[in-house]
Amino acid sequence: MLGIPDDGLVKMIVRHPHLLHYSFEGLEEHINFLASIGMTEQEMVHTVTRLSQIFSLSVANSLKPKFIYLTEELGGNVQTCVKFPAYFSLSLDKRIRPRHTYLQHLDISPDPFPMRYLSEKDEDFAARTSRSLRDYISFKEAMIPIFKLERERSKERDTDGRRTERQRKRLYDVRMEEQRKLQVKNQGYDKRIVDARNSIHRVKLLGISTRRLR
């Protein structure tokens, strides 16, 4: 699937033994995700060898939301992920969003948001601000339930959207099938009409021929 060297595979398995139990389809889903965000094969190899536990994270519920937040809110891009693969291992609701929104709250959030602000301990992060560690912890604990609720509502909207799309597709398929049946039915009518006209024409020709014989 990827040109990962043998020593790289050994390191990945040592760091994350559960790799041996993952299905090929599951591994392929993660590789396809990394390719979809613009990583080259070399960059994918670099990313998965440095963060082998990436295969244990849900693409839909973890990797995609984090990448969207990175690009839309933190000012990052795919190269940010290549340089700092550990970003994907951090909790979006408990680490990434609290630290980013805390600095926004204080109006001191850099753009793009430095990844080192996410990897350091709470004490070191709080020291970057003019507030105390207790102030940051209080802010984080107050915001985590809000972030989780927002994520759940977003999932529900996505689910409702997919359900609505499936309903639209079913209605479309039903309408197309009805149109197909109607076309077949009309074709049958057309054939009977043509046959009737041909029969009338033959009767007329027969009448003309009979008169001539008289």
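Given the condition in contact (Cβ under 8 Å) with a residue 12 or more places away in the chain and under 19 Å from the mean Cα position of the chain (by Cα), answer yes or no: does some residue in the range 99-116 qualify?
Within the range 99-116, the subset in contact (Cβ under 8 Å) with a residue 12 or more places away in the chain is 99-103, 105-106, 108, 111-113, 115.
Those left that are additionally under 19 Å from the mean Cα position of the chain (by Cα): none.
Taking every residue of the range 99-116 in turn, none turns out to be in contact (Cβ under 8 Å) with a residue 12 or more places away in the chain and under 19 Å from the mean Cα position of the chain (by Cα).
Answer yes if at least one residue in the range 174-185 is modelled with pLDDT under 95, in a helix (DSSP H, G or I), among the polar types (S, T, N, Q) and over 28 Å from ALA60 (Cα atoms), and no otherwise. Show your work before the answer.
First pass over the range 174-185, keeping only residues modelled with pLDDT under 95: 174-185.
Filter again for in a helix (DSSP H, G or I), leaving 174-185.
From what is left, the residues that are among the polar types (S, T, N, Q) are 179, 183.
Next cut, over 28 Å from ALA60 (Cα atoms) only: 179, 183.
Looking through the range 174-185, at least one residue is modelled with pLDDT under 95, in a helix (DSSP H, G or I), among the polar types (S, T, N, Q) and over 28 Å from ALA60 (Cα atoms).
ARG134 passes every criterion in (1) at pLDDT 95 or above; (2) open to solvent by 60 Å² or more (accessible area, probe 1.4 Å); (3) not in a helix (DSSP H, G or I) apart from (3).
Summed over the range 63-95, the residues that are surrounded by 16 or more Cβ atoms within 10 Å (Cβ to Cβ) and either among the basic types (Lys, Arg) or within 20 Å of PHE24 (Cβ to Cβ) (or both) give a count of 3.
Kindly evaluate ARG95 against the criterion of being touching a Leu at 6+ places or on another chain (Cβ under 8 Å), at pLDDT below 95 and within 20 Å of VAL59 (Cβ to Cβ). In short, no. Contact map, the range 85-96: residues that are without any contact (Cβ under 8 Å) to a residue 60 or more places away in the chain paired with residues that are crowded, with 19+ Cβ neighbours inside 10 Å and among the β-branched types (Val, Ile, Thr), Cβ distance under 6 Å, separation 6+ or inter-chain. Pairs shown: PRO85/THR47; PHE88/ILE54; LEU90/ILE96. Residues that are in a helix (DSSP H, G or I) and more than 18 Å from the chain's Cα centre (by Cα) within the range 50-86 comprise ARG50, SER52, GLN53, GLN79, THR80, VAL82, LYS83, PRO85, ALA86, listed in sequence order. Within the range 40-49, being open to solvent by 20 Å² or more (accessible area, probe 1.4 Å) and either assigned to a helix (DSSP H, G or I) or of a type in the set (A, V, I, L, M) (or both) holds for GLU41, GLN42, GLU43, VAL45, HIS46, THR49. Just one of (1) assigned to a helix (DSSP H, G or I); (2) buried (at least 17 other Cβ atoms within 10 Å of the Cβ); (3) among the small types (Gly, Ala, Ser) fails for SER109. It is (1).
Note on the range 57-101: residues that are out of contact with any helix residue (DSSP H, G or I) (no Cβ under 9 Å at 6 or more places or on another chain) and of a type in the set (Val, Ile, Thr) total 1. Test of understanding: among GLU156, GLU152, GLU141, GLU123, which residue is surrounded by 11 or more Cβ atoms within 10 Å (Cβ to Cβ) and not small (Gly, Ala, Ser)? Result: GLU141 is the single residue among GLU156, GLU152, GLU141, GLU123 that is surrounded by 11 or more Cβ atoms within 10 Å (Cβ to Cβ) and not small (Gly, Ala, Ser).
Is it the case that some residue within the range 16-39 is open to solvent by 30 Å² or more (accessible area, probe 1.4 Å), part of a helix (DSSP H, G or I), closer than 17 Å to PRO112 by Cα and not β-branched (Val, Ile, Thr)? If you could, list the steps in order and put the result at the bottom.
Within the range 16-39, the first condition is being open to solvent by 30 Å² or more (accessible area, probe 1.4 Å), and the residues that meet it are 17-18, 20-25, 27-29, 32, 35-36, 38.
Still in the running and part of a helix (DSSP H, G or I): 17-18, 20-21, 24-25, 27-29, 32, 35-36.
Remaining after also requiring closer than 17 Å to PRO112 by Cα: none.
Looking for residues that are open to solvent by 30 Å² or more (accessible area, probe 1.4 Å), part of a helix (DSSP H, G or I), closer than 17 Å to PRO112 by Cα and not β-branched (Val, Ile, Thr), one finds none in the range 16-39, hence no.
The values are calculated or read from the model by the stated rules, or taken from the named source; none is laboratory data. Computed from a prediction, not measured in an experiment: that's the story for all the values here. Cβ: placed from backbone, ideal geometry, glycine included. Neighbour counts: every protein chain shown. Accessible surface areas use protein heavy atoms only, side chains included; no ligands, DNA or RNA. Shrake-Rupley method; radii C 1.70, N 1.55, O 1.52, S 1.80 Å.
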